[in-house]
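J.: Just passing along the structure, written as structure tokens.
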Amino acid sequence: MIRLPGDHSGRVHEETVISAIRKTLTATAVATAVLAGSAACGTVENLSAGQKLDNAFDKLGEARSLSFELDLDADASTLKALDAESSEPGEEMPDEVAELLSDASISVSVESKKPIEKSGEKDITAMAVKFSGPDGALVEYRLIGDHLYVRVDAGALGKMAGAPMPSADELPDSAGAFKKILAGEWIKLSAKEAAEARKEMSGAEGLGGEEPSAEPTLDAKTQKRLTKALRQVIADQVDFTTSDGSDGTEHIKATAPFRTLITELFDELRPLQKDLPGGSELPTAEDLKDAPNKKVTADFTLKNGELTEVSVDLAKLAEKAKVKKFALVLRVGKGEKTTAPAGATEVNIDEIMEGFFGGFAAGALGEEEFVEGTEG
């Protein structure tokens with residue numbers, strides 16, 4: 001069955017992304033408070049670094065528009081070498097996937113009536129999300145007011161998945177709107193209609209006909225205990241250094257031994273486990289004994305006191321593979337104005353579904369075989 005990119009749509013997708021952004025900022029604020037507080041227990045340099053990070057993240061939450069881009073700083077050979085360390089024979093990462101991931105990036109831009117950290121679903125005026133590969137956007141959607149605009153590169157996605165998609169020219173006219181999707185054209189949907197369709201496909205109720213329970217959250221008392229526990233671990237294990245970069249930038253680096261840090265973090269969290277969301281068992285020191293204990297560094301770049309980039313160097317975590325460069329990079333900036341794409345064709349969900357079953361599925365199976373299958 002055809003689904004919209006990421007199986008998310010309209011306001012439901014908007015709420016999910018905004019919730020993720022708000023949670024990210026909240027988690028970041030907690031982490032920064034932890035860093036700042038633990039730094040205060042150390043050197044003058046640590047104190048200064050913690051305060052600067054705290055101020056930088058406050059500025060992000062106060063903004064009414066925000067954009068960020070996440071990507072891997074690694075080449076295809078590095079990704080394949082890392083994958084080979086844990087893959088069974090015959091299950092290694094395909095070259096196409098390695099090439100895609102080495103050049104892939106996810107970018108998000110959001111505009112709101114209120115500061116981002118205080119924004120809810122109804123406060124968002126526009127949003128754009130794009131997943132890009134080496135040859136351009138693979139999946140892109142823009143939410144503007146009551147309309148959702150979507151475009152996919154079906155050919156590239158099919159090739160990456162090892163299941164090539166037919167070209168739009170190969171489908172019969174009965175494929176209708178679905179041909180436009182395969183052709184990589186922009187389509188325009190009602191955000192409300194798309195959200196309702198997703199509800200129908202995924203099921204609005206939980207098992208047993210019950211409404212899904214609300215996601216558990218941390219109460220103030222637990223948050224205070226959690227922050228205190230994390231501060232102690234970070235004060236013991238994390239080292240801060242600051243340096244000046246080019247063009248007026250400043251770098252703050254936080255470095256810690258990976259296995260020691262995560263083992264102590266989980267040990268401190270264990271007494272709070274029953275109060276934490278999720279409910280799953282936390283890993284023990286025995287579970288983590290084989291994790292590498294090399295030092296990992298997070299490099300925060302600030303310009304005029306504002307956070308512009310975070311790079312986490314993961315190369316040292318490779319066990320056997322020779323890795324020169326492997327980092328996770330997050331670039332942050334002010335949100336760009338999201339505009340409706342020119343030439344988008346307005347369709348409804350029913351047209352897409354009819355086009356899929358009447359054109360794509362029938363074309364792939366053959367008209368007679370498809371008809372026989374639908375008749376049982």
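J.: Suppose the filter is more than 26 Å from Leu79 (Cβ to Cβ), exposed (fewer than 13 other Cβ atoms within 10 Å of the Cβ), at pLDDT below 85 and under 24 Å from the mean Cα position of the chain (by Cα); does Gly248 pass it? Quick ask: steps written out before the conclusion?
T.: Values: more than 26 Å from Leu79 (Cβ to Cβ): yes; exposed (fewer than 13 other Cβ atoms within 10 Å of the Cβ): yes; at pLDDT below 85: yes; under 24 Å from the mean Cα position of the chain (by Cα): no.
In short, no.
J.: Next question, about the same structure. Condition first: open to solvent by less than 40 Å² (accessible area, probe 1.4 Å) and hydrophobic (A, V, I, L, M, F, W, C). Now tell me which residues in segment 327-352 satisfy that.
T.: Listed by number, the residues that qualify are Ala327, Val329, Val332, Ala344, Val347, Ile349, Ile352.
J.: Turning to a different aspect of this structure: Pairs please, first residue from segment 227-242 and assigned to a strand (DSSP E or B), second anywhere and modelled with pLDDT under 80 and not acidic (Asp, Glu), Cβ atoms under 7 Å, 6+ apart in sequence or on different chains.
T.: Here the result reads Phe240/Ala39; Phe240/Asn46; Phe240/Ala49; Thr242/Ser48; Thr242/Ala49, each pair linking segment 227-242 to a residue that is modelled with pLDDT under 80 and not acidic (Asp, Glu).
J.: Within segment 111-161, take every residue that is touching a helix residue (DSSP H, G or I) at 6+ places or on another chain (Cβ under 7 Å) and acidic (Asp, Glu) and give me the one that is modelled with the lowest pLDDT.
T.: Glu121
The values are calculated or read from the model by the stated rules, or taken from the named source; none is laboratory data. Only a predicted model underlies this, so the values are computations on that prediction, with no experimental measurement involved. Note that we place each Cβ from the backbone using ideal geometry, even for glycine, and neighbour counts take in every protein chain shown. Areas reflect the complete protein model, heavy atoms only, side chains present, ligands, DNA and RNA absent. Shrake-Rupley method; radii C 1.70, N 1.55, O 1.52, S 1.80 Å.
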